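The values are calculated or read from the model by the stated rules, or taken from the named source; none is laboratory data. The structure presented is a predicted model; accordingly, all values stated were derived computationally and were not measured. Cβ: placed from backbone, ideal geometry, glycine included. Neighbour counts: every protein chain shown.
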Amino acid sequence: MTERAIWEVRLNVYGSITVKKTLRFSELKGLIQDDPFYSDIEIKKNRTLSGVDATVTAFAPTNQLAREAAILFFGQMLDAIAIEIDQPLYLNFGVQQSSSSINTRHDTLRRVEEEEWQAAFREARFLASTETTFLRALGWYRKGLHTEDPFDKFLAFWNAIEIVAGKYHPPIPPGRSSGSKSQIWESFKALWGECEYWPIIPNELNWIDDNHEMRTTIAHGIQPISIETISEVAGKLEKIQQVARKFLMEWRQQKLLP
């Protein structure tokens, strides 16, 4: 019996996206040059719900390992493409879900071209081999896009910012705390200069402190959930999403190579 076989794994991606026609192409999995394996990819419209259906080939000894490999491979690509098109993308693992993000049929769909899918696969492969921390931040950003819980959404966008700043921040000036607030502050300055020039939040000197406090409150359950708390968090979501996306996009373009 063959130790490893080629499996076809079927996945469903839900969201306000579509493709013009069924796409078929191959993508290199990993960067192991002495044992390269190309995965055959097929992406087509979901005829019932909003989103696309995908078939991914995987090389593995069992169907379970093949499915896990395909989910990781395709999921990392979705992390890379979600921030580019800025659309919620939910990868269904084959388990019955009741989320409205799955059951909703959208009337306006973002058409994703073949070149965009291929570029996202290349970007995910590069980040998985050289910048795993940044790829993890993209995963949090995608979660922020598709989750419906306002607290989870806030935490996901904040985590995306905090993870990148924690890994790549410039040196913290002497006498300043070396914690995450200082790391984010110095990272924003490295991209945008002084606070008065920060996009989206110019002159908002307390923005980092206020959102860090909210993050602590949510994550540690310090404050009981109330209508007022939900309203306060919901009011922060649009801005923190915009800041997170701009920060991640520009850090990738300006600070990471190639």
Candidate set: region 29-48, residues that are hydrophobic (A, V, I, L, M, F, W, C) and under 22 Å from the mean Cα position of the chain (by Cα); chosen: the one modelled with the lowest pLDDT: Leu31
Answer residue from region 73-113, given it is at pLDDT below 95 and assigned to a helix (DSSP H, G or I) and is nearest to Leu11 (Cα to Cα) among those: Ile102
Long-range neighbours under 9 Å by Cβ, at least six apart or interchain, first residue more than 20 Å from Ala58 (Cβ to Cβ) and of a type in the set (Phe, Trp, Tyr) within region 7-25, second at pLDDT below 95 and part of a strand (DSSP E or B): Tyr14/Asn92
Region 49-82: number of residues that are over 23 Å from Thr18 (Cα atoms) and β-branched (Val, Ile, Thr): 1
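The rows are residues; the columns are (1) surrounded by 13 or more Cβ atoms within 10 Å (Cβ to Cβ); (2) at pLDDT 95 or above; (3) under 22 Å from the mean Cα position of the chain (by Cα); (4) of a type in the set (A, V, I, L, M, F, W, C).
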site	(1), (2), (3), (4)
Phe121	yes, yes, yes, yes
Thr132	no, yes, yes, no
Gly144	yes, yes, yes, no
Asn159	yes, yes, yes, no
Ile163	yes, yes, yes, yes
Gly179	no, yes, no, no
Phe188	yes, yes, yes, yes
Pro199	yes, yes, yes, no
Ile218	yes, no, yes, yes
Qualifying helices (runs of 4 or more DSSP H) (wholly inside region 124-205; at least 3 residues being touching an Asp or Glu at 6+ places or on another chain (Cβ under 8 Å)): 132-146, 180-192
Test: Gln254 is polar (S, T, N, Q) and under 30 Å from Ala120 (Cα atoms): yes
Criterion: within 27 Å of Arg252 (Cα to Cα) and either surrounded by 13 or more Cβ atoms within 10 Å (Cβ to Cβ) or modelled with pLDDT of 95 or more (or both) - qualifying residue of Phe25, Phe59: Phe25
Selected residue (criterion: nearest to Glu162 (Cα to Cα)) from residues of region 223-233 that are modelled with pLDDT under 90 and loosely packed, with under 10 Cβ neighbours inside 10 Å: Pro224
